[in-house]
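To start, the structure itself, in structure tokens.
Only the coordinates and a few stated rules stand behind these numbers; no lab work does. For clarity, every value in this text was computed on a predicted model and none was experimentally measured. Positions of Cβ are generated from backbone atoms using ideal geometry, with glycine treated the same way; all protein chains shown enter the neighbour counts.
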Amino acid sequence: MVWKPRPEPCVPAGERRRWHDSDTSSQPFTKMIFSRLLLLSALLAGPLAAAQERSTAAATLPIADAHFHLMLYMTPAALKERMDRHHIRWTVSAGAIGSPSAGSPASRDAAVRDLLGGRFVPAVGGAEARQAELRVGARFYTDLPGTDRDAALRRIDEQMAIQPRVLAETFPNAETSSVDPVRQRRVATDGPYFRSLMAIAARQGLPVPMHMQFHRESVAELSQLLQDHPDGQVLLSHCGKDTRAADVRAMLDKHANLFCDLSYRGAPLASDESRRDPNRLIFWGPGLLQAAGMKDDWRQLIEDHSDRFMVGIDDVHTWEIYDQTVLAIRQGVLAQLTPATAEKVAWRNAARLFRLPPVDAPAPN
Ligand SMILES: [Zn+2]
């Protein structure tokens, strides 16, 4: 069937023509369509050009990776090569993975620091807490003072005094979000261990990174901790892991000393987990059937609290996933934000929070 447009009601009956008529009387209509198309393309050209500009800028912005674990397959040289390739100016350790053959987390982080200097900040405290928890269980975090907790905190305090160092990721609540069975539990975020850690970190002017799912008790305890330590700061690892934007907004509105890293909240890392819990995925890179993007309520939250967010690569099991994660960060996060916010989230906020030193930009390639 040949499709025929219905006559425009505003065109007088005597002047009605089918659109393919070639006589001159159809020209006003053709002109009108043409001028509307011109207007439409002019209206679209601005935003499209701006989006293209943001995407181009996001492709090369310097990045501070605020949450990174050196995996067993990674060597310091290979990490440096990847950081240079992707314009990643700094990497902040959240605790290296160690093994009897590869070395302790501290020695592996130290080897990267030896090669990268000011571009890499080693982490302390992860192994101490985990070993103590293996010995005495979760009461390590909450019970009355004991020799295990005292010894661990003393060791962490001594190591943190040798700057530059940061605290490794801590796990007050990883009930359903850790592959490590030791951490699949919830302990009081405002218990004695975390209170001591806040005091140690505050002495160095550094944040306590916390992997904390947003169980309502955990949230209430975190509020209490932040309120009782106004000079301390908490960096929510994975921005709360299973949070909705509104949950995080309420906490950021309430506590000026709370920050968020967006590690493990994008594709491909969070893709599997998001099938059972869609909240876990916030952004994604470009794919075969999908343009890069970010959930709109999160984009708005980051714009509204642009001084509180940073990006991180976290634990990637191959270098290819490292590459894909950086691409998702650039096109799914940074390219979605206004230029000023993108720059803050890419590196300025992390540089301020972790007091990262100025370093020479990696050579472009
Ligand atoms: Zn992590």
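Below are the figures for this structure:
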read-out: Virtual spin-label span in nm between Ala291 and Glu175, 7 Å along Cα→Cβ; value: 3.9 nm
read-out: Unit charges on C-beta of K, R, D, E only; dipole of the chain, Debye; value: 700 debye
read-out: Stretchable slack from Arg276 to Tyr73, in nm (0.36 nm times residue separation minus alpha-carbon distance); value: 70.2 nm
read-out: C-alpha center-to-center spacing [region 48-99, region 283-360] in angstrom; value: 10 Å
read-out: Estimated FRET transfer efficiency (Lys254, Ser35; beta-carbon r; R0 45 Å; 0.05); value: 0.30
read-out: Spin-label pair Gln131/Arg355, simplified geometry with 7 Å Cα→Cβ offset, distance in nm; value: 2.7 nm
read-out: Hull volume in cubic angstrom per residue (convex hull over the Cα atoms of the chain); value: 186 Å³
read-out: Considering only region 63-353, percent of DSSP beta bridges that pair antiparallel, nearest 5; value: 15 percent
read-out: Relative contact order %, the chain, counting alpha carbon pairs below 8 Å whose residues are six or more apart; value: 17 percent
read-out: In sequence order, calculated HN-Hα J values of region 311-318 (Karplus, 6.51, -1.76, 1.60; Hz; x Gly/Pro); value: 10, x, 9, 6, 9, 10, 8, 8
read-out: Eligible lysines near Lys80 by straight Cα distance, threshold 30 Å, same-chain separation 8 or greater; value: Lys241, Lys344
read-out: Region 181-314, relative contact order [Cα under 8 Å, separation at least 6], %; value: 20 percent
read-out: Positive-end residue of Thr142, Gly126, Met74, charge dipole of region 63-353 with Cβ unit charges; value: Met74
